[in-house]
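Trainee: For reference, the structure I am asking about is given below.
The values are calculated or read from the model by the stated rules, or taken from the named source; none is laboratory data. In this text the structure is predicted, and so the values were computed from the model without any measurement. Here Cβ is always computed from backbone atoms with ideal geometry, including for glycine, and neighbour counts include all displayed protein chains. Surface areas here come from the heavy atoms of the whole protein model, side chains and all, with no ligands, DNA or RNA. Shrake-Rupley method; radii C 1.70, N 1.55, O 1.52, S 1.80 Å.
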Amino acid sequence: MTLHEIKPVATLRTPVVEIAPVTRESDLNAELDSKVSELRRRMAEEGRGEGLRIKLADQSVADLSLVIESEEEGLLQDARVNVASGSYDLALELLDELLELVPRHQEGRYLTACCHYGRGGDGLRHALRLLRPLRDEPLAEELAEQVRQLRAELRRVLTPSEVIEFAALAQADRGAATARMREFIELAPEEGSCYQVLAISLASTGAAEEALTVVEEGLAVAEQDRAPVEALARRLRIMLLRPRAAAALDAFKTGGYEQALAELRRLEPRWRGLPVARDLDDYLAELAATGRLAAPKVPFDRAEDLYSLIAEHEASIALTLLNEGRMEQAEPLLTAALGYVPLFPWMNFLYALCLYLRGGDTVRSSRAVEIALRDPTIAQAAELRQAIMAQREAQLINPLVLRFNAILEHVPAEGHTAESLGQMAQRLRALGEEVPGLHQRMLTSAGEATLERLSEAVRTNLADVLELMEFAQLSEEFGQIMSQARGVPSSRLRDRLTALDGKVRRRARDADVGRKHFDDLTGAIRQAMAAVGEQDLVVRFNALFEGRPPDRWRLSQELDAIASEIPGLRSSANPETVRRLDDLDQAIRRIKRQIS
C-alpha cells in the first residue's frame, strides 16, 4: 500500500526587483533626452490644434493707444478688416505704411504679429519677436489681454520644437545651440523648460555655476514648467556646494558637529547664503548644542536636500555596487551612511534593496523601505516593499515547506511498517501544529495561498499515513496469526481470522486511498480461512476411515456433509487450496459411487 501520488508543495517565490542604474543626480544628458521625449509626446497630443481665434481691439482701444490723424486711422481700419478676413499679405502692406508713419503704434505692431501668426511657418517666431517688446510696455487692458493670449499661443506652439531642435543641434554645435536657446529665452522668458534644458546642457559640460545662474534667472520670471526648474536649481546648488563644504561634511559624519559648523562658516558668503547651506548651518548648530544626532527640523523637501548634500555621494557608490552585483560590499557602506542620515529615504531604499537582494534580515529591510516610501519620487519603493513582504513570508513558510517535502522524499514505495508510519505521522502532526500560527503573519495573498496549500497537503498526507498505519497494524496482526498457526487448533485459528476479517472489513468501508488494499487484505484473510477450512474437511474425511468404518448410510451422510462445504470454501480459496478441495471432492465422489 502506498500514499496518494506524492506532490511536493512549491515553495513561495520572491519577486525579482531590478533598479535602473541612475541616482538622484542622474546622467544629465539622459534627463535632457527625457525632456525632449516629453515634449515630443506633448506635440503629438496637442499639435497646433485650431489655433487662436484673433480678436481685434475695438476703435476705442485703438484710440487709447495713440491719437492719430485720419490717414493713419484709415490704414488701421483697413488693416483690421483684412486681418479679420485672413487677407494677411494686404494687411501687412497697410500695416507697413502705418508703422512707417507711427513706428511705435502698439495695435499696429500687434496686428502685424497677428498676420505672421496667421501665415504660420517661420512667421510664428517672427510674430513672437514682434510681440516681445509689447510684453513690457503699458497697454490698454483689452489690447494687453490680446497680446498675452497671442504670446501664450505662440509659446505653446514654438517651445517644444525649439527644445527639440536645441537638443539635436547641441550634439553637433553646442555653442550655436546655446546661442539659439538664449535668443528664444529672450523672446519667451515665461517658459521654464527652456531654462531647464539650457542649464542641463551647460552643467553636462562642467559649467555648473553658469547653469545655476540660468535656472535662477528662470525662476525669477518663468510662468510655465517651474517645478522642474526649481528641482534642477536645488540639485545644482547641492552639486556646487558639496565639494566646497567637504571639510564640514566629513566632520559631521564623524560626530564632530562643532568642527563641522566652524568649517561651514568659513565658506564664502555666496555659498553660505544658499538655502541648503543655511539649513545645514541651523542643523549643525542644533547638533552641536545637544551633542547627539537628531533629524533636521525642516520641511520634507528641505530635509531631502540636506540628506542629498551629506550622503548622495555614498548613495551613488552604493548603487553602482548594487548594479554590479557586489551587495556584500554595498551593505557596510550603506550601514555606515545610515549611521549619520538614518531618515534619508533614498539611502534607506538602497539599503532595503541591498538586504533584499542578499536575502537578509527582512525586519530591517521592511523598516528601511517604509522610510523610503516617504519620498514619492522613489517610484520603485512600493514595488520593493511588496517584494520584501513576499520575502519575509517566504522566510517563514519555506522552511516548513521544505520539511514537509523532506518527509515525503523519505517515504518508501512499499514496505511500510506501523512503527515507521507512526514516526512519519508524528512529524506531520508536529509540522501541522506550526502552520496555524503563521496565518496572522501573512501579508500577501500569495503567502496566504501557499500556507493554505501547505496546510491542506499536511492534512491530506497525515490522513493517508494514519490510514496506512492502521493497514500496517492489521497486516502485521494477520502476519502474526499466520506465523503462529502451526500447532494452533483450527477452531481457534478460525476464530482469530474471523475476528480480524471483521475489523478489516469495517475499516475498508471508511478507507480513502487504501480501500483496494484493505479489500486485498480481506481477500488474503479469506484465503487463509479457506485453507483452514480445507484442512478441517480433510481431517473429517480421514477420520471416517480410521478404525471401523461406519455403515454405508451414515458414511454417505458424512461424505455429503463434507462435500456441501466445499463450494463455500472454494469461492475465497487460493489456487492451491482450490486444487486440494477439488481432489477432496473427487475422492468423495469415487467413494459415493463405490458404496452406492
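Trainee: For the list (1) at pLDDT below 85; (2) hydrophobic (A, V, I, L, M, F, W, C); (3) open to solvent by 50 Å² or more (accessible area, probe 1.4 Å), I need the number of the one condition that Phe541 fails.
Mentor: If we test Phe541 against (1) at pLDDT below 85; (2) hydrophobic (A, V, I, L, M, F, W, C); (3) open to solvent by 50 Å² or more (accessible area, probe 1.4 Å), just (3) comes out false.
Trainee: For segment 281-370, please list each of the helices (runs of 4 or more DSSP H) lying entirely inside it that holds at least 1 residues being over 27 Å from the mean Cα position of the chain (by Cα).
Mentor: Helices (runs of 4 or more DSSP H) meeting the threshold: 300-323, 327-338.
Trainee: A further question follows. Sort through His126, His116, His105 and tell me the only one that's modelled with pLDDT of 90 or more and open to solvent by less than 20 Å² (accessible area, probe 1.4 Å).
Mentor: Result: His105 is the single residue among His126, His116, His105 that is modelled with pLDDT of 90 or more and open to solvent by less than 20 Å² (accessible area, probe 1.4 Å).
Trainee: Separate question: Can Ile185 be described as in contact with a Cys (Cβ under 7 Å, 6 or more places away or on another chain) and open to solvent by 10 Å² or more (accessible area, probe 1.4 Å)?
Mentor: yes
Trainee: Any residue that is assigned to a loop (DSSP other than H, G, I, E, B) and either under 17 Å from Arg41 (Cβ atoms) or of a type outside the set (A, V, I, L, M, F, W, C) (or both) - is there at least one of those in segment 152-172?
Mentor: Scanning segment 152-172, I find no residue that is assigned to a loop (DSSP other than H, G, I, E, B) and either under 17 Å from Arg41 (Cβ atoms) or of a type outside the set (A, V, I, L, M, F, W, C) (or both), so the answer is no.
Trainee: If we scan segment 501-524, do we find a residue that is modelled with pLDDT of 80 or more, open to solvent by 30 Å² or more (accessible area, probe 1.4 Å) and among the charged types (D, E, K, R)?
Mentor: no
Trainee: Next up: For a quick check of your reading of the model, give me the residue pairs whose first member lies in segment 431-446 and is under 15 Å from Val401 (Cβ atoms), whose second is in a loop (DSSP other than H, G, I, E, B), with beta-carbon atoms closer than 7 Å and at least 6 apart or on different chains.
Mentor: Ala446/Leu12
Trainee: Picking from Arg579, Arg593, which residue would you name as being more than 15 Å from Val538 (Cα to Cα), of a type in the set (Lys, Arg) and either in a helix (DSSP H, G or I) or in contact with a strand residue (DSSP E or B) (Cβ under 6 Å, 6 or more places away or on another chain) (or both)?
Mentor: None of the other options fit; the residue is Arg593.
Trainee: From Arg385, Arg403, Arg374, Arg392, which residue is open to solvent by 60 Å² or more (accessible area, probe 1.4 Å), modelled with pLDDT under 95 and in a loop (DSSP other than H, G, I, E, B)?
Mentor: It is Arg374.
Trainee: Here is a follow-up. If you check Leu198 against the conditions, is it open to solvent by less than 60 Å² (accessible area, probe 1.4 Å), over 30 Å from Pro243 (Cα atoms) and either modelled with pLDDT under 95 or not in a helix (DSSP H, G or I) (or both)?
Mentor: For Leu198, the condition - open to solvent by less than 60 Å² (accessible area, probe 1.4 Å), over 30 Å from Pro243 (Cα atoms) and either modelled with pLDDT under 95 or not in a helix (DSSP H, G or I) (or both) - is not met.
Trainee: Still on this model: Return the total of residues in segment 279-297 being open to solvent by 40 Å² or more (accessible area, probe 1.4 Å), over 17 Å from Glu263 (Cβ atoms) and not small (Gly, Ala, Ser).
Mentor: Count: 4.
Trainee: When you scan segment 328-365, how many residues do you find that are crowded, with 18+ Cβ neighbours inside 10 Å and within 20 Å of Met389 (Cβ to Cβ)?
Mentor: 13
Trainee: If you don't mind, another one. From the list Ala62, Ala84, which one is closer than 21 Å to Ala144 by Cα and modelled with pLDDT under 60?
Mentor: Ala62
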